[in-house]
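Every number here is computed from the coordinates shown, using simple stated rules; none is lab data. For clarity, every value in this text was computed on a predicted model and none was experimentally measured. All Cβ positions, even for glycine, are placed from backbone atoms using ideal geometry, and neighbour counts span all protein chains on display.
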Amino acid sequence: MDTQSTVASLRALAHEHRLAAYRALVRAGPDGMAVGELRDRLGLAPATLSAHLNVLRAAGLVGDEREGRVIRVRADFQRMHALIGFLTENCCEGKSCAPSPDVRAKATTAATARVRS
């Protein structure tokens, strides 16, 4: 995945309803779900959901196929993993991501102080 496609994916997910739709499709797994089921779950008008799905499709995050009279929408898990991989590939420059004991202690102290005040 490159920077341009990453930006397109993040832009597509940067809306409450699109993010909710995408998360529901990820939760549904490889079988996805019918558009009507997704619409009912999210409580969106048909045209609104269609517009949001078009944005997710354009970003390559979801795909769909017709099954008789039903359109089934699925998250593109390969794309999702590529996005996560791109975002984390240089994480901590190869070092451990766990905070050092000093950093953990300072964070705990600061959190305790905020709760007390």
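Net length available on complete extension from Ala58 to Gln4 is 18.1 nm, with 0.36 nm assigned per residue and the Cα-Cα distance removed.
With a Förster radius of 30 Å applied to the beta-carbon distance between Leu19 and Gln78, the computed FRET efficiency rounds to 0.95. Helix 3-13 and the long axis of the chain differ in direction by around 70°, with both axes built from C-alpha atoms.
About its Cα centre, the dipole of the chain is roughly 440 debye, where the only charges are +1 on Lys and Arg Cβ and -1 on Asp and Glu Cβ. Between the entries [x] 8.3; [y] 6.7; [z] 10.7, the label attached to mean projected area of the Cα convex hull in nm² calculated for this structure is [z]. Mean separation of Cα pairs under 8 Å and 6 or more residues apart, divided by the residue count, gives the chain a relative contact order of 27 percent. Potential lengthening of the chain between Arg11 and Glu65 amounts to 17.1 nm, from the contour at 0.36 nm per residue minus the alpha-carbon distance.
Round to the nearest 10 and give me the degree value, 0 to 90, for the angle of helix 46-58's Cα axis relative to the longest principal axis of the chain. Taking the Cα atoms of the chain, the angle to 46-58 is about 60 degrees.
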